[in-house]
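Step one of this worksheet: look at the structure below.
The values are calculated or read from the model by the stated rules, or taken from the named source; none is laboratory data. What you see is a predicted model, and the numbers here were worked out from it, not measured in a lab. Positions of Cβ are generated from backbone atoms using ideal geometry, with glycine treated the same way; all protein chains shown enter the neighbour counts.
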Amino acid sequence: MPIESRGDQLKDHPLAGNGGKGLFTTAIEAALLRNQADVAVHSMKDLPVADTAGLVVAAIPHRGDARDCLVSSAKHDIESLPQGAKVGTSSPRRGSQLLRMRSDLEIIPFRGNVEKRVSKVIELGDVDAAVLAVAGLVRAGLAEYADRPLDPDLSVPCASQAALAIQCRADDHVTLRRCLPLNDANTAACVQAERSVVAALQADCQAALGVYATLSDDRQLTLHGRVLSHDGTQCVEAKADAPIRSIKRAVNSVVEQLVKQGAEALLVEHRTVLPERV
């Protein structure tokens, strides 16, 4: 059932200044609530942290590659980009982290679907490079452009990047049972930790906030959070480890460390900076 979301309609406007979270999901959720659809599949990062009344995430499948990557026609990496290079992204998180790595870069607001953004770089040459999600490129059949992934310690992904959410009505128990086998427990645990940090900090899509959780073979969860100023000159970050059964401990530790270092002031700053500047 094709649905054009508000985010799809605002192809040339910064998401952060036009509603942010929910732009890609509200119309789809409305179809579920009206019984026009039984199941919805979202990019988990597009779903607001709080569940919509009457709906539930029934499953979170195995996560794709959560890294960001640099796309350029000249196959540049961050270090080899020319001085003052123009890099496209409308993500405050990506923009701030790029400027933290290279303060000389010019961050250009960049919208459109994955194919359009790749075309702006490779065919049209509107910018020298752009930063996109590896998983988005792979899912769009453009994996050949995902060959310059950024280390998650340099560009911390956003909460639940590369994860999908399978959503249905909370009272539709038959559909719920059918969706449950699609759930990946490890992915769900990591996503829960990441989204809990976002909720605790009361952050939104205007924030330059990266949160990324990984699991070791012995099921030890490592949680990394980073908050930056819009120009990347200020950065606070925190890491915490905990057994998977103690996710709350890791979340609380990361949040407490970030707040102690001044994360809340940086988050407030982003709410007062025009999205076009990032």
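Looking at segment 30-51, which of its residues are within 20 Å of V156 (Cβ to Cβ) and more than 11 Å from the chain's Cα centre (by Cα)? Passing the criteria: only V49. Scanning segment 22-43 finds one or more residues that are at pLDDT below 85 and on the phi > 0 side of the Ramachandran plot.
Checked against (1) out of contact with any Ser or Thr (no Cβ under 6 Å at 6 or more places or on another chain); (2) modelled with pLDDT under 95, G88 meets all criteria but (2). Under 19 Å from Q192 (Cα atoms), of a type in the set (V, I, T) and in a helix (DSSP H, G or I): does that describe V255? Taking the combined requirement at face value, the residue satisfies it. For segment 221-230, the set of residues classified as modelled with pLDDT of 95 or more and either of a type outside the set (A, V, I, L, M) or within 18 Å of the chain's Cα centre (by Cα) (or both) consists of T222, L223, H224, G225, R226, V227, L228, S229, listed by residue number.
Among the residues of segment 59-73, those that are touching an Asp or Glu at 6+ places or on another chain (Cβ under 8 Å) and either surrounded by fewer than 17 Cβ atoms within 10 Å (Cβ to Cβ) or closer than 18 Å to P109 by Cβ (or both) comprise H62, L70, S72. Just so you know, in segment 184-200 the residues that are touching a strand residue (DSSP E or B) at 6+ places or on another chain (Cβ under 7 Å) and more than 14 Å from P243 (Cβ to Cβ) include one that is surrounded by the most Cβ atoms within 10 Å (Cβ to Cβ), and it is E194.
When the strands (runs of 3 or more DSSP E) confined to segment 98-185 are screened for residues that are in the same structural domain as L32 (by TED's automatic domain parsing) and touching a residue at least 12 places away in the same chain (Cβ under 8 Å), those reaching at least 3 such residues are found at 164-169.
Quick check: is even one residue across segment 138-155 crowded, with 21+ Cβ neighbours inside 10 Å and of a type in the set (V, I, T)? Among the residues of segment 138-155, not one is crowded, with 21+ Cβ neighbours inside 10 Å and of a type in the set (V, I, T), which makes the answer no.
Annotation: of all residues in segment 22-51 being among the acidic types (D, E) and assigned to a loop (DSSP other than H, G, I, E, B), the one that is surrounded by the fewest Cβ atoms within 10 Å (Cβ to Cβ) is D51. Is segment 63-72 home to any residue that is part of a loop (DSSP other than H, G, I, E, B), touching a residue at least 12 places away in the same chain (Cβ under 8 Å) and more than 30 Å from G125 (Cβ to Cβ)? Yes, some residue in segment 63-72 is part of a loop (DSSP other than H, G, I, E, B), touching a residue at least 12 places away in the same chain (Cβ under 8 Å) and more than 30 Å from G125 (Cβ to Cβ).
Put simply, of P109, P61 the only residue that is at pLDDT below 95, more than 15 Å from the chain's Cα centre (by Cα) and over 12 Å from A129 (Cβ atoms) is P109.
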